[in-house]
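Some notes on the structure that comes next.
The values are calculated or read from the model by the stated rules, or taken from the named source; none is laboratory data. What you are looking at is a predicted structure, and each value in this text was computed from that prediction instead of being measured. No Cβ is skipped: glycine too gets one built from the backbone with ideal geometry, and neighbour counts run over all protein chains shown.
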Amino acid sequence: MGPAHSGPASAATVSAVVVNHDAGALLLECVTSLHDDGAAEIVVVDNASSDGSADALEASGAAARVVRTGHNLGYGAGANRGIAASSGELVVVSNPDVVVHGGALAKLVGVLEADPTVAIAGPRIEEPDGTRYPSARRFPSFVDATGHALLAGIAPGNRYSRRYRMADLEAGAQAGVDWVSGAFFLARRRALEELGGFDEGYFMYAEDTDLCWRARRAGWGVLYVPGAVVTHRQGVSTARRPYRMLVAHHRSVLRFASRTTRGWRRLALPLVALVLALRLGFLCARQAAGALHRAPRRAD
């Protein structure tokens with residue numbers, strides 16, 4: 001169907017969906033910041049946390065409803081459960097280790113209300129030290145994807161990664177982009193329902209890229225809104241299972257490549273799989289070396 005070109009809505013209700021898995025005390029901080037910035041409804045989907053974070057949130061009396069899945073469904077599937085359990089015309093999807101800066105929701109809502117053809121708006125996502133995380137990106141060409149996969153771990157400033165990560169994005173300028181990070185964005189419910197939500201075939205990673213790709217193909221817009229700011233403390237829960245997350249990441253990238261590659265380019269998919277396997281092996285080896293380096297020495 002695609003976007004309808006009617007006048008902008010007014011005073012849209014914002015629901016927030018937070019997908020939690022072992023985020024600890026950061027979950028309450030995230031929920032508090034969403035509430036303080038004007039989210040009318042907050043649904044926390046708990047993917048079988050073992051750290052008591054969901055229990056602590058409920059005990060705190062915070063203005064949030066907890067939906068317990070019973071096991072770890074993955075990020076996109078968890079988000080879909082929360083979207084279905086919420087009612088707002090606009091829906092925030094958020095990691096649990098995000099803190100919303102004051103006024104961020106209002107800026108994102110303003111963008112969606114001003115342009116009914118926009119499905120998803122992503123803020124500027126900052127690291128804890130205030131540096132910008134590259135949350136707005138291009139769909140990579142085969143050349144850029146290969147260059148980024150092979151070089152990002154050893155030469156982060158390479159030209160392929162810079163193009164993919166939109167390093168040339170003008171600071172402070174709102175822009176239409178290919179996709180924005182699923183760590184935090186605001187979406188139009190009607191668009192999410194039309195698209196069928198997140199593809200639950202992705203356990204972690206690339207589900208945001210896939211959602212934006214389908215939105216763009218359906219005629220919806222995706223915007224980067226740097227006037228809205230959130231801070232993301234990355235890897236709080238994934239750091240406990242680094243190898244599983246590395247495998248999930250590379251599997252998701254291959255799934256996205258397989259779903260979106262058309263025509264003769266599909267002949268290159270075996271090469272894509274090989275490049276990803278090599279990259280996965282390199283990153284696992286680096287992770288193991290780093291773990292050994294960080295391990296405390298025995299006092300002999």
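Every condition in (1) at pLDDT 85 or above; (2) part of a helix (DSSP H, G or I); (3) among the charged types (D, E, K, R) is met by residue 244 except one, and the failing one is (1). When 164, 133, 160 are checked against the criterion of being surrounded by 15 or more Cβ atoms within 10 Å (Cβ to Cβ), in contact with a Lys or Arg (Cβ under 7 Å, 6 or more places away or on another chain) and hydroxyl-bearing (Ser, Thr, Tyr), 164 stands alone in meeting it.
Residue-level check: of (1) loosely packed, with under 12 Cβ neighbours inside 10 Å; (2) in contact with a helix residue (DSSP H, G or I) (Cβ under 8 Å, 6 or more places away or on another chain), residue 264 misses just (2).
Condition check for residue 224 on (1) modelled with pLDDT of 95 or more; (2) of a type in the set (Ser, Thr, Tyr); (3) touching a helix residue (DSSP H, G or I) at 6+ places or on another chain (Cβ under 7 Å): one failure, at (3).
Considering the range 176-194, the residues that are surrounded by 13 or more Cβ atoms within 10 Å (Cβ to Cβ) and of a type in the set (Gly, Ala, Ser) include one that is farthest from the chain's Cα centre (by Cα), namely 191.
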